[in-house]
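Before any comments, here is the structure.
The values are calculated or read from the model by the stated rules, or taken from the named source; none is laboratory data. Computed from a predicted structure; not experimentally measured. Heads up, the Cβs are rebuilt from the backbone with ideal geometry, glycines too, and the neighbour counts pull from every protein chain shown. Side chains are part of the model used for accessible areas, which takes the heavy atoms of the whole protein and leaves out ligands, DNA and RNA. Shrake-Rupley method; radii C 1.70, N 1.55, O 1.52, S 1.80 Å.
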Amino acid sequence: MNVAIIGTGYVGLTTGVCLAYIGHSVTCLDTDADKVAALKAGKIPIYEPHLENLISEASERIRFTTSYADAIPNAHVVFIAVGTPPTPSGNPNLEYLSQAATCIGKYLNDDFTVVVNKSTVPIGSGNWVGSIIRDSLEARHGKKVNGLFAVASNPEFLREGAAIGDSLYPDRIVIGSDETRALEVLYTLYRPILDQTFQAPTYLPRPEDKGAVPLVSTDLASAELIKYAANAFLALKISFINEIGQVAERVGAEITEVARGIGLDSRIGSRFLNAGLGWGGSCFGKDTAALVATGREYGLTMPIVEAARMVNQRQRERILEKLLQEVKILKGKTISLLGLAFKPNTDDLRDAPAIDIARHLIERGARVRCHDPIAMDRFKREYGSLEVQLCDNADQLFEDCDAAILVTEWTEYRELDWSKLGRLMRTPILLDGRLVLDRGELSKQGFRYVGISG
Ligand SMILES: NC(=O)c1ccc[n+]([C@@H]2O[C@H](COP(=O)([O-])OP(=O)(O)OC[C@H]3O[C@@H](n4cnc5c(N)ncnc54)[C@H](O)[C@@H]3O)[C@@H](O)[C@H]2O)c1
């Protein structure tokens, strides 16, 4: 099929590349001309494992453009994957979505096209996008036009850092539309993934137990709500374990043991039960806020989701309180942060706890040093005005610092030469914001180890 993808960010680029890899002919469109020029020159604007290999393998079936006139007319399926960033009201900003829909309407041809919302959008946005496309299409034709397109929702569940595997071997695919024709087209599009008939990349083999992928084919509103419900549930699992972490700390229990003990119950499951600094990133905060805002529009309160948000915010404050207890005075002290990205294996800094923590420390008069294995270039571009010192290696980061906080649990941080680093510090205080370091071992090396829970 001919596929157009509008928006080549984390979601659009991954989707486009994976669809090209399984055999479709894909045109990726972005209004950011620099991004498109970079992609045309073979440069990948984001860090995502395996993306580069997959693009080069699919290069004959994928191209990049800034032109709607180029991308839309021949497409059988148009995916909208533009950003929907949060606004202070909790509702996402739908400006990019509306611009994309207007442009799509301008260039649809006379063959039936399925327009798919892959961006995470509030319930009802599918109908809204449909009405914008129709207005734009009818303005062009100067008359009423019927049956040229249908809108579908196909929420995205990929995790940054594991996006390619999540797209090729998903747990499920959800499609929603009020028109059967649209669902049929999407079923055909995804068939190689649903049946797992494509040849797996050698560097990302198909998991041994991977069978056919379940398809949830439903109406528009249900598909849209599935995305919000999924993210809210994952977010509250994280906040739940963080709330239990507070009790664990008070009663002298080990939260990692508690999480293991409950996670082995198959009704609960062990994933998303890591106590720590809480979630960050572009989705959980924005999507839980949007769900609460949607509830409000219908006169509903959503106390469970609101509490999950509150607990998450509190985690960021807790690490600062703990730091203060240790160093007493922040003014003039040097505090080092291990990790900037909101989680390992990505360079995404949106709603990253490290940014909040750094800002707060600077406001309190501390000097802040940071390191990240991947995200420092992006940090320089996006947060260049934040007065932190970026360090290329651990020695620089730790030398003469008064305390260090592990913010992002990159694997390499577990393998640092801690005894050497401890000796470089002015005072060997280490706050483990992700509970991934070995407390016993670090204490033996002379560190004052402080976990976020206990
Ligand atoms: N990032 C994730 O992990 C993830 C996971 C699931 C769902 N989502 C959702 O997917 C959507 C996209 O997220 P993302 O992280 O890929 O965003 P992103 O910011 O990385 O990418 C969005 C892209 O859209 C482009 N764009 C904006 N307006 C445009 C327009 N009118 N025409 C063409 N391009 C335009 C931007 O230049 C940008 O490159 C959001 O709704 C998000 O909530 C994201």
(request) For Lys286, indicate whether it is open to solvent by 10 Å² or more (accessible area, probe 1.4 Å) and either within 16 Å of the ligand (Cβ to nearest atom) or over 24 Å from Ala259 (Cα atoms) (or both). (result) yes
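Could you tell me whether any residue of the stretch 79-93 is farther than 30 Å from Thr294 by Cβ, modelled with pLDDT of 95 or more, over 17 Å from the mean Cα position of the chain (by Cα) and buried (at least 18 other Cβ atoms within 10 Å of the Cβ)? Lay out the reasoning, then the answer.
Narrowing the stretch 79-93 to residues farther than 30 Å from Thr294 by Cβ: none.
No, every residue in the stretch 79-93 fails to be farther than 30 Å from Thr294 by Cβ, modelled with pLDDT of 95 or more, over 17 Å from the mean Cα position of the chain (by Cα) and buried (at least 18 other Cβ atoms within 10 Å of the Cβ).
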(request) With respect to Gly433, determine if the residue is open to solvent by 40 Å² or more (accessible area, probe 1.4 Å), in contact (Cβ under 8 Å) with a residue 24 or more places away in the chain and touching a helix residue (DSSP H, G or I) at 6+ places or on another chain (Cβ under 6 Å). (result) no
(message) Ala100 - would you say it is surrounded by 21 or more Cβ atoms within 10 Å (Cβ to Cβ) and closer than 21 Å to Ile22 by Cβ?
(response) no
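Would you mind stating whether Thr301 is within 16 Å of the ligand (Cβ to nearest atom), of a type in the set (Val, Ile, Thr) and in contact with a helix residue (DSSP H, G or I) (Cβ under 9 Å, 6 or more places away or on another chain)?
No: the conditions fail for Thr301.
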(message) Among the residues of the stretch 402-414, are any open to solvent by 60 Å² or more (accessible area, probe 1.4 Å), in contact (Cβ under 8 Å) with a residue 40 or more places away in the chain and closer than 12 Å to Gly339 by Cα?
(response) yes
(message) Checking the conditions here, which among Asp372, Asp356 is charged (D, E, K, R) and open to solvent by 10 Å² or more (accessible area, probe 1.4 Å)?
(response) Asp356
(message) Cβ-Cβ distance below 6 Å, separation of 6 or more or different chains: which pairs start in the stretch 160-184 with a residue that is under 24 Å from Gly281 (Cβ atoms) and end on one that is among the basic types (Lys, Arg)?
(response) Asp166/Arg159; Tyr169/Lys210
(request) Scan the stretch 437-448 residue by residue and report those that are open to solvent by 20 Å² or more (accessible area, probe 1.4 Å) and outside any loop (DSSP other than H, G, I, E, B). (result) Arg439, Gly440, Glu441, Ser443, Lys444, Arg448
(message) Quick check on my filter: what residues within the stretch 107-157 are among the charged types (D, E, K, R) and in contact with a Ser or Thr (Cβ under 6 Å, 6 or more places away or on another chain)?
(response) none
(request) Take the stretch 146-195 and flag every residue that is closer than 23 Å to Asn53 by Cβ, of a type in the set (Phe, Trp, Tyr) and more than 19 Å from the chain's Cα centre (by Cα). (result) Tyr190
(message) If I ask for residues that are more than 30 Å from Thr301 (Cα to Cα), within 16 Å of the ligand (Cβ to nearest atom) and small (Gly, Ala, Ser), which ones from the stretch 51-91 would you list?
(response) Ser67, Ala69, Ala71, Ala75
(request) Output the number of the condition that Val11 fails; it satisfies all remaining conditions of (1) within 24 Å of Arg206 (Cα to Cα); (2) open to solvent by 10 Å² or more (accessible area, probe 1.4 Å); (3) more than 9 Å from the ligand (Cβ to nearest atom). (result) (3)
(message) I'm trying to understand the selection: among the residues of the stretch 272-282, which are within 16 Å of the ligand (Cβ to nearest atom) and surrounded by fewer than 24 Cβ atoms within 10 Å (Cβ to Cβ)?
(response) Phe272, Gly281, Ser282
(message) Tell me the residue from Arg423, Arg434, Arg381, Arg448 that is at pLDDT 95 or above, more than 24 Å from Lys331 (Cβ to Cβ) and over 23 Å from the mean Cα position of the chain (by Cα), please.
(response) Arg423
(request) Residue by residue through the stretch 158-187, note down the ones that are part of a strand (DSSP E or B), more than 14 Å from the ligand (Cβ to nearest atom) and among the hydrophobic types (A, V, I, L, M, F, W, C). (result) Ile175
(request) For the stretch 30-46, state whether one or more residues are more than 12 Å from the ligand (Cβ to nearest atom), open to solvent by 10 Å² or more (accessible area, probe 1.4 Å) and in contact (Cβ under 8 Å) with a residue 60 or more places away in the chain. (result) no
(request) May I ask you to list pairs of residues, at least six apart or on different chains, whose Cβ atoms are under 6 Å apart, with the first in the stretch 366-377 being modelled with pLDDT of 95 or more and the second being of a type in the set (Lys, Arg)? (result) Ala366/Lys333
(request) Would you check if Pro155 is within 9 Å of the ligand (Cβ to nearest atom) and in a loop (DSSP other than H, G, I, E, B)? (result) yes
